1. Sorted from fewest to most neighbouring beta carbons within 10 Å, what does the list B:34, A:19 look like?
2. Skipping prolines and chain starts, which residues have an amide H placed within reach, meaning under 5 Å, of the one on residue A:27, given they are 5 or more residues away or on another chain?
3. Smallest Cβ-to-axis distance in chain B, for the rotation taking B to A: which residue, how many Å?
4. Label-to-label distances across copies for residue A:21, with labels 7 Å out along Cα→Cβ, in nm, shortest first?
5. Put a label point 7 Å from Cα along the Cβ direction on residue B:49, then list its distances to the equivalent points in the other copies in nm, shortest first.
6. Every other copy gets compared here: list the nm distances from the residue B:10 label point (7 Å along Cα to Cβ) to its counterparts, shortest first, one decimal.
7. Counting only other residues whose beta carbon sits under 15 Å from that of residue B:53, what net charge do I get with K and R as +1, D and E as -1?
Number of protein chains: 2
Amino acid sequence: MKTKAVFYHAGCPVCVAAEQNIAAALDPKRYDVEVVHLGSSKSRVGEAEQAGVKSVPALVLDGLAYHINFGAGIEALK
Amino acid sequence: MKTKAVFYHAGCPVCVAAEQNIAAALDPKRYDVEVVHLGSSKSRVGEAEQAGVKSVPALVLDGLAYHINFGAGIEALK
């Protein structure tokens, strides 16, 4: 049976593509990955909080919340 | 061809197992995952820095460094 993994983000234009790489890299045989934009889906903020999400972007995997910091390269801002 | 993914850590006893979940969740068809303990393998610190790693634990995926904060649950410290 697949585990659900949820990637929560808020649409940071510089970082989100890079951070979604992690969601896309998960094993599709073991994980059903859902990507949730909390800025657009405010009704899901409570669910994210309950899962332990303190900031976005975050990945909830096996019931644990991981906060992922890519730290946009300065090159991306030029 | 598989991409190499490297998970760098320094052996934080509370967090590392949880954080390695992410490394273990990557698709094994697409990624060869290597786990490097920088405390034990100091000769690889330079390589990690060159990949953009500023703190551990970090995952280098497709040439980008992601800093992962699990934030040990307070329960783990009781």
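1. B:34, A:19
2. B:26, B:27
3. B:27, 2
4. Distances between equivalent label points, in nm: 2.3.
5. In nanometres, ordered from closest: 4.2.
6. 2.9
7. Taking every other residue near residue B:53 into account, the sum is -1.
Every number here is computed from the coordinates shown, using simple stated rules; none is lab data. Model, not experiment: these values are computed from the prediction. Cβ sites come from the backbone with ideal geometry, for glycine too, and all protein chains shown count toward neighbours.
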